[in-house]
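See structure below.
The values are calculated or read from the model by the stated rules, or taken from the named source; none is laboratory data. Keep in mind that what you see is a predicted model, and the values were worked out from it rather than measured. Neighbour counts run over all protein chains shown; Cβ positions are idealised from the backbone, glycine included. The accessibility values were calculated without ligands, DNA or RNA, using every heavy atom of the protein model including side chains. Shrake-Rupley method; radii C 1.70, N 1.55, O 1.52, S 1.80 Å.
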Amino acid sequence: MSFFEAALFLENGHLFEGKGFGSEISKGGEAVFNTGMSGYQEIYTDPSYLNQIVVMGSSQIGNTGVNPYDLESSSLLLSGVVVREYCPVPSNWRSVQTLSDYLSMAKVPAISEVDTREITQILRDEGAQRAVIFPTQKLKSSELKAHAQQLLKSVPSMEGLDLVSKVSCKKPYVYSEEGWKQDSGTIVVYDFGVKWNILRHFGKRGFQVQVVPYHTPAEEVLKYHPKAILLSNGPGDPATVPNSVQEIQKLIGKVPILAICMGHQLLARAVGAQTYKLKFGHHGINHPVKDLSNQKILITSQNHGFAVKAETLPGKEVQLNHVNLNDGTVEGFVSESLKFYSVQFHPESAPGPSDASYIFDYFIRGFIQ
């Protein structure tokens, strides 16, 4: 591969010039930082990163190339990648192509040789913000900022942006996993941008996994006679998915519900709580969360820019049961009477530690069996 001259521009006016790789195009999105030290392929294929430029905390990216096994969806939906150093020669027995070629095929631009620590500090102090990555070979130094500001005009804010409709499946499908047991029943998954590892967890536990589009009416879901319903992760602002909230309301109390990430936020809105945009979101695989039911600390995988307002959760039937130890935000709530369990973090990890994977078994034992 060959690098090309490129730049990253943040809406606060900061310009970073570096070496481009991946697709040699201009593209914009919301710049966020990810603190994970591994698992870049799972991160990049997470549909929740739609319309976002991911600044990587790890100093070197690309060492293990790309393989067909560590995917979390069938495509790359993020807007761009920012790294300190890109490794163009991967060394891993599973690798089938370089990260640069993979990004290029998906039309995703990337930039290296920039100060990712400084960029992360800006995003942490000033908040996630709109940004663009663009090639600079044909531009004079004096033209860079004006060109970048022009590109930035077409980049929307994440707040109020409906992205779920762009990533959800278009028609129902069955996810099959070896070991499915017919008598275990069916889990219906509302697809708001679901990661494949969530489906794998239920499939490996013997359930048939029926995935449906985000706008599926509750009446259609009940026709599958589900043992439980999973509200999946997904990108964007939960306030822009009101129709799904109305359908979730029809299902509460009728069928056990497990909610994850975007699903967690939509379930919260369905019970009358409010959501809001975080300053810079939670993106990484090292976020400490306290499980209030047993006082244990989990190290969790997270990827979200919105959260639930704790003070708006209904008090009697809904109990707060997980709290983020970095900033005190809501990480989970539960209702025994209404038969739901909801977490903001990713119990399926991918990438990340497996501390929270017990939640699948806890939900199955406590709410289904």
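Out of the residues in region 127-142 meeting the condition of being under 12 Å from Phe4 (Cα atoms) and in contact with an Asp or Glu (Cβ under 8 Å, 6 or more places away or on another chain), tell me which one is least open to solvent (accessible area, probe 1.4 Å). Top of the filtered list is Thr136. Picking from residues in region 246-276 that are closer than 17 Å to Leu163 by Cα and out of contact with any Pro (no Cβ under 8 Å at 6 or more places or on another chain), the one that is most open to solvent (accessible area, probe 1.4 Å) is Tyr276.
Being closer than 25 Å to Phe192 by Cα and surrounded by fewer than 24 Cβ atoms within 10 Å (Cβ to Cβ) is the requirement here; does Asp46 meet it? So Asp46 does not fit the description; no.
To keep it simple, each residue is scored yes or no on (1) under 17 Å from the mean Cα position of the chain (by Cα); (2) buried (at least 16 other Cβ atoms within 10 Å of the Cβ).
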| residue | (1), (2) |
| --- | --- |
| Lys296 | no, no |
| Gln302 | yes, yes |
| Val308 | yes, yes |
| Thr312 | no, no |
| Lys316 | no, no |
| His322 | no, yes |
| Leu325 | no, no |
| Gly328 | no, no |
| Ser335 | no, yes |
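Considering region 110-208, the qualifying helices (runs of 4 or more DSSP H), each wholly inside and each with 2 or more residues that are polar (S, T, N, Q), run over 116-126, 144-152.
Of all residues in region 348-359, those that are surrounded by 19 or more Cβ atoms within 10 Å (Cβ to Cβ) and either aromatic (Phe, Trp, Tyr) or touching a His at 6+ places or on another chain (Cβ under 8 Å) (or both) total 3. Only one of the listed residues (Pro288, Pro353) is outside any loop (DSSP other than H, G, I, E, B) and under 19 Å from the mean Cα position of the chain (by Cα). That residue is Pro288. Against the list (1) touching a helix residue (DSSP H, G or I) at 6+ places or on another chain (Cβ under 8 Å); (2) under 29 Å from Gly127 (Cα atoms), the condition Ser165 fails is (1).
Screening Phe21, Phe33 for residues that are in contact with a His (Cβ under 7 Å, 6 or more places away or on another chain), farther than 19 Å from Lys145 by Cβ and either open to solvent by 10 Å² or more (accessible area, probe 1.4 Å) or assigned to a strand (DSSP E or B) (or both) leaves exactly one candidate, Phe33.
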